[in-house]
Structure formats: structure tokens, C-alpha cells
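Below you'll find the structure, written out as C-alpha cells, and then a few comments.
The values are calculated or read from the model by the stated rules, or taken from the named source; none is laboratory data. No experiment lies behind these values; they were computed from the predicted model shown. Glycine gets a Cβ as well: all are built from the backbone with ideal geometry, and neighbour counts include every protein chain shown. To get the accessible areas, we keep the full protein, side chains included, count just its heavy atoms, and leave off ligands, DNA and RNA. Shrake-Rupley method; radii C 1.70, N 1.55, O 1.52, S 1.80 Å.
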Amino acid sequence: MNGNIVLIFILFIGINAPIGVAQSSMDDIAAMQSLPLKYQVLKTNERIFIDGKADETIWKKTPWTSNFVDIEGAHQLKPTYRTATKMLWDDEHLYIYAELEEPHIWGDITTYDAIIYHNNDFEIFIKPFEQHPFYYEIEINSLNTVMDLMMPKPYRFAGEAIMNWDVKNLKSAVHIEGTLNNPSDKDNYWSVEMAIPFASLNTFGRPTTPKVNSFWQINFSRVQWQHELINGKYSRKKQENGKFIAEDNWVWSPIGVINMHYPERWGYIQFVEQDQKEDNYIPHTNQKTAWNVFYLQQLHRKKHGRFATDITALEGYKLFLENDFNNIHYTFVINDDQTFYKIKIKDPTISQVLSLDSYGNYNISYE
């Protein structure tokens, strides 16, 4: 093994392991091993008019993302309807255009910051800063009704949605190729166009206008409900017991589990000034390894009541970690009663250093 291991036992008083964050099975972890997708966002000097149509010349030249897949991955059923996005940027905005194939376009939520995913919706998840856990979520339905929020950290780590946060000066528009809320015909698609001001994503006084060739993590989700007609109006379809039939969740970069709030599993966008040859690099190696340790430790604690003192003894080590640990240096510390640990990972091929603890707290630095 090429990795350097430092195992230190330390004493923490009154610290309990986090609850509610364990992966339920080894199969869940296996489903979370796909490489996040990447998209190069081209910088533009052309004025973008936000009308939901994306008919400017630059939009027509802009490539699509790959079509959305089931949130659990390509091994699940292919989505019934096509969804894809395009992106551009300038010095002030991130532009997003999404097209959602849909034969029955409907919606009934018109209140800002209501629970938009109770309608069919399109959702954007943005994490501008790799070294901080907070991220943003924007949801929109076919009526151009928006919900936006900031998450200081994911729900599974006791994060709570900050609903009074707003994307200031957000511009959004919806175009409907068909008719809205008309069950007597078949529609074609609805599309969303947004201009998200970088200044509105400015947190703790840090500038958010991206540098050329820098990366952000991002993902997109489409919530799709089965519907029924009640008195001639669309509604989410219910089972015989009165509960709603579960929605479909279609995404750009698959998560592996039915939960969008795994930012470590989102895709990457790279801000570029001109078309350039696609490369396979994304700053994901250290993150993938550290989170695999976290997932396996959660299973170990679920089975044994304590975290493992030796990473190589984790069930699934050979499958999910051994190859990565042959190419990195790491240190691992754990307290005496095995209820808290922290791992620090450095890949010698890049300058990034990532640390992650059993609470899901992480830090990224550069040496």
C-alpha cells in the first residue's frame, strides 16, 4: 500500500455519532459510484432575453446536456419523457435553459415559495464553493412560480432550509408548446429559461463570479407526478388508500439513491471562455474516497454499534476503497469509544487536501 496511515486514538467527551445518515445497504453504496457528469459552460457576450424560448443564435449553438435519467441511475427505467438543459454565462449571470417533454402540461401552484414540487417541476441545485457545505435550490413549475432556498448543510446532517433567502433579481420565464391545464389535447413540451445573478449567490462577502476554467457543483431534477382528472381539472393521482402515487425523479447527474440532497454526488460545470477540447478531469477524486469511507463507516456502526478503528477492516474496503488508497496519503483519527472519527486525504497528483468527519463536516484546502 502506498498510502500513509496514521491512526490516533483521542478522547472526546459528550460526542455521539450522528443519527439518520446511514446508508441502508452495500447496494446503496454500489449505486453511488458512478462518476459525476461534467458540462463546459461557454461564456457569451450576446444579450440573452429571458422569455423561455432560447431562440438567440448563441443558444442554438450551445450543446445540450445528456438527457436526464432516473435519480437512482441508468440501471433503472428510462424516463418516460425527455429532459435536457443548456447553460451559458457572462460576467453577471449563469443562464440556464431546460426543455421538458410533456403531453399534459398542468400546474396550480401560484404562490411564491410554496412547495412547488407538489406540481410537476424543474429544480436547480447549485454549490458554488467547494470548501463550504452550503448550497442553493431553485424550483419552478409550468406557471413560472418559483421557490428558492439556501441549505447550510444537507438535511441528513440536521440542515434546515432557509426559506427567507431569495435569489435577488432572478429572471425566469416559461414557454409552453401546447396549452396549459387543458386535458382535451396533447401538448409537446414546456421550457424554462433563467438568468441567475452571481451577485445573489454571494455569501459571507465572498465574490461568486466564477473564474475562467473554475468548477462549480450543480445538478438538475425533474419531479414528475402521475395525474388524474377531478371535475375536469388535473390533480396528482392517488392510490385506493388515498395516498398519492409516488413521483418520478429524473436528474442530470444520477445520485444513486432517491435523495437530491447529496451534493457530493452532483455533477460539475466548468466555466470556459471558448469551445475547448473536452477532458475527463473533474476535482472529485479525494471527495469520492472520503465519502466512501463515510458511507462504509455508517454501515459498520449500524451493524456493530461503533465506528471501525481500522479502515482496511471495513466491509466493502476492497470493493470501494483499496484501489483509491493505493494512490493517496491519508491520516485517520478516532476517539476512544469509537463514536467519532476524522479522515484527511491528500492526493499527491493534485494540491487539494480534504478532511471529513463522522458528522459529515468537511474542509477542503490547497497546499
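If you take the residues in segment 151-181 that are assigned to a strand (DSSP E or B) and of a type in the set (D, E, K, R), which one is least open to solvent (accessible area, probe 1.4 Å)? For segment 151-181, the residue satisfying everything is Glu177.
A single entry from Asp148, Asp113, Asp121 fulfils the requirement of being open to solvent by less than 50 Å² (accessible area, probe 1.4 Å), under 18 Å from His261 (Cα atoms), without any contact (Cβ under 8 Å) to a residue 60 or more places away in the chain and not hydrophobic (A, V, I, L, M, F, W, C): Asp148. Taken over segment 80-108, the residue count meeting the criterion of being in a loop (DSSP other than H, G, I, E, B), open to solvent by less than 20 Å² (accessible area, probe 1.4 Å) and not small (Gly, Ala, Ser) is 3. Criterion applied to Phe220, Phe215 was being open to solvent by 40 Å² or more (accessible area, probe 1.4 Å), under 28 Å from Phe157 (Cα atoms) and in contact (Cβ under 8 Å) with a residue 40 or more places away in the chain, and the one residue passing it is Phe215. The condition of being farther than 25 Å from Phe215 by Cα, at pLDDT 95 or above, loosely packed, with under 13 Cβ neighbours inside 10 Å and not acidic (Asp, Glu) holds for Gly305. Taking the criterion of being touching an Asp or Glu at 6+ places or on another chain (Cβ under 9 Å) and free of Cβ contacts under 8 Å to residues at least 60 places away in the same chain, the only residue of segment 223-234 that qualifies is Gln226. Residue count for segment 318-347 satisfying the condition of being open to solvent by 10 Å² or more (accessible area, probe 1.4 Å), in contact with a helix residue (DSSP H, G or I) (Cβ under 7 Å, 6 or more places away or on another chain) and not acidic (Asp, Glu): 1.
Scanning segment 188-203 for residues that are over 14 Å from Glu137 (Cα atoms), of a type in the set (S, T, N, Q) and open to solvent by less than 20 Å² (accessible area, probe 1.4 Å) yields a count of 2. For the list (1) touching a Ser or Thr at 6+ places or on another chain (Cβ under 8 Å); (2) over 25 Å from Ser365 (Cβ atoms), I need the number of the one condition that Trp266 fails. All conditions pass for Trp266, except number (2).
The C-beta contact set for segment 29-50 (first residue among the β-branched types (Val, Ile, Thr), second residue in a loop (DSSP other than H, G, I, E, B), distance under 7 angstrom, 6+ apart or interchain) comprises Ile29/Gln23; Ile29/Gly316; Thr44/Asp90; Ile48/Glu56.
Of all residues in segment 52-75, those being modelled with pLDDT of 95 or more, under 24 Å from Val223 (Cβ atoms) and open to solvent by 20 Å² or more (accessible area, probe 1.4 Å) number 7.
Residue selection: Ser200 fails the criterion of being touching a residue at least 40 places away in the same chain (Cβ under 8 Å), polar (S, T, N, Q) and more than 19 Å from His227 (Cα to Cα).
For segment 24-38, the candidate set comprises residues that are part of a loop (DSSP other than H, G, I, E, B) and either of a type outside the set (Gly, Ala, Ser) or under 14 Å from Gly267 (Cβ atoms) (or both); within that set, the residue that is most open to solvent (accessible area, probe 1.4 Å) is Leu35.
Among the residues here, Ile138 does not qualify as more than 30 Å from Gly360 (Cβ to Cβ), in a strand (DSSP E or B), touching a residue at least 24 places away in the same chain (Cβ under 8 Å) and of a type outside the set (S, T, N, Q).
Taking the criterion of being over 18 Å from the mean Cα position of the chain (by Cα) and in a loop (DSSP other than H, G, I, E, B), the residues of segment 112-130 that qualify are Tyr112, Asp113, Ala114, Ile115, Asn119, Asn120.
Residues that are open to solvent by less than 10 Å² (accessible area, probe 1.4 Å) and within 19 Å of His304 (Cβ to Cβ) within segment 348-367 comprise just one, Ser358.
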